[in-house]
Amino acid sequence: MKQNLLVVISGPAGSGKGTVIKKVFEKSDEFHLSVSATTRLPRPGEKEGVNYFYMTREQFEELIKDGKVLEYTEYCGNYYGTPKEKVFETLKEKNVLLEIEVEGAMQIKSRFPDAVLILLLPPSYKELRKRLYGRGTETPEVIEKRLAHAEYELGFMDKYDYVIVNKDGGIDEAAEDIISIVKSEKKRAKRCTEVKDKFYE
Ligand code: 5GP
């Protein structure tokens, strides 16, 4: 019953993924967030090894060549990918959250059919636009690219196992939804084979 899960959380930039995931950690100690590698520059306040492992394109391409990423993609002109080794190591102890976009999520789905895929959405396109421009961390050009990607991501909704709408003021609820989804998923009969073995001990 203790089989830990690989949990993918995707959602458009501005859907509140970061905040919701932080809340999950406040509410539960059964999760670990995988730190991705990226070629994008750190935003103010972001830290190496905490938010991302920042690297050059050459370094990232080396990781790909050496088969050291679980999945990767090029998003808005930068590479993003999940370092492989740490994920498997951590799964022995905790559920591992991958906060990744849709291309990466689809790679995980085909390689690890047991992974649970959750899509976090803002209440509306209008609200998403407002949040992205309000955040002020990107140029209008990048924001427009991210908005276009959001529409693209919505097209993959059916490929996800769960959809959570992150309403305004709904951070707590969204985090609790993630925790209860994982709790229920762990109780799926197919994941509980050892219960039967124990029954006859
Ligand atoms: P940001 O630049 O805003 O930190 O992230 C941009 C997008 O890249 C987000 O949708 C985020 O979920 C995604 N992302 C972050 N790390 C990874 C990763 O390792 N793999 C993939 N496929 N996407 C990632």
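The values are calculated or read from the model by the stated rules, or taken from the named source; none is laboratory data. If you're wondering where the values come from, they're calculated on a predicted model, not measured in any experiment. Positions of Cβ are backbone-derived with ideal geometry, glycine not excepted, and every protein chain shown enters the neighbour counts.
Each residue in the range 158-171 was checked for being free of Cβ contacts under 8 Å to residues at least 24 places away in the same chain and surrounded by 13 or more Cβ atoms within 10 Å (Cβ to Cβ), and 1 of them qualify.
Looking only at residues of the range 93-110 that are surrounded by 22 or more Cβ atoms within 10 Å (Cβ to Cβ) and more than 9 Å from the ligand (Cβ to nearest atom), we find that the one that is farthest from G11 (Cα to Cα) is N95. Scan the range 172-192 for residues that are touching a residue at least 24 places away in the same chain (Cβ under 8 Å) and among the acidic types (D, E) and the total you get is 3.
Listed by first and then second residue, the pairs with beta-carbon distance under 7 Å, at least 6 apart or on different chains, first residue in the range 1-21 and within 23 Å of K145 (Cα to Cα), second assigned to a loop (DSSP other than H, G, I, E, B) and at pLDDT 95 or above, are V8/I100; V8/A115; S10/I100. Against the test of being crowded, with 22+ Cβ neighbours inside 10 Å, under 23 Å from M157 (Cα atoms) and either under 17 Å from the mean Cα position of the chain (by Cα) or at pLDDT below 95 (or both), the options G18, G11 yield a single qualifying residue, G11. Within the set F31, F60, F25, the sole residue that is at pLDDT 95 or above, crowded, with 18+ Cβ neighbours inside 10 Å and more than 12 Å from the ligand (Cβ to nearest atom) turns out to be F31. Note on the range 1-85: enclosed strands (runs of 3 or more DSSP E) holding 1 or more residues that are out of contact with any Pro (no Cβ under 8 Å at 6 or more places or on another chain) are 6-10, 31-33, 36-38, 69-75, 78-83. Can you pull out every residue in the range 71-112 that is in contact with a strand residue (DSSP E or B) (Cβ under 8 Å, 6 or more places away or on another chain) and aromatic (F, W, Y)? Correct list: Y72, Y79, Y80, F112. Considering only the range 148-157, I want to know if a residue exists there that is over 30 Å from K183 (Cα atoms), crowded, with 18+ Cβ neighbours inside 10 Å and in contact with a Pro (Cβ under 9 Å, 6 or more places away or on another chain). There is no residue in the range 148-157 that is over 30 Å from K183 (Cα atoms), crowded, with 18+ Cβ neighbours inside 10 Å and in contact with a Pro (Cβ under 9 Å, 6 or more places away or on another chain).
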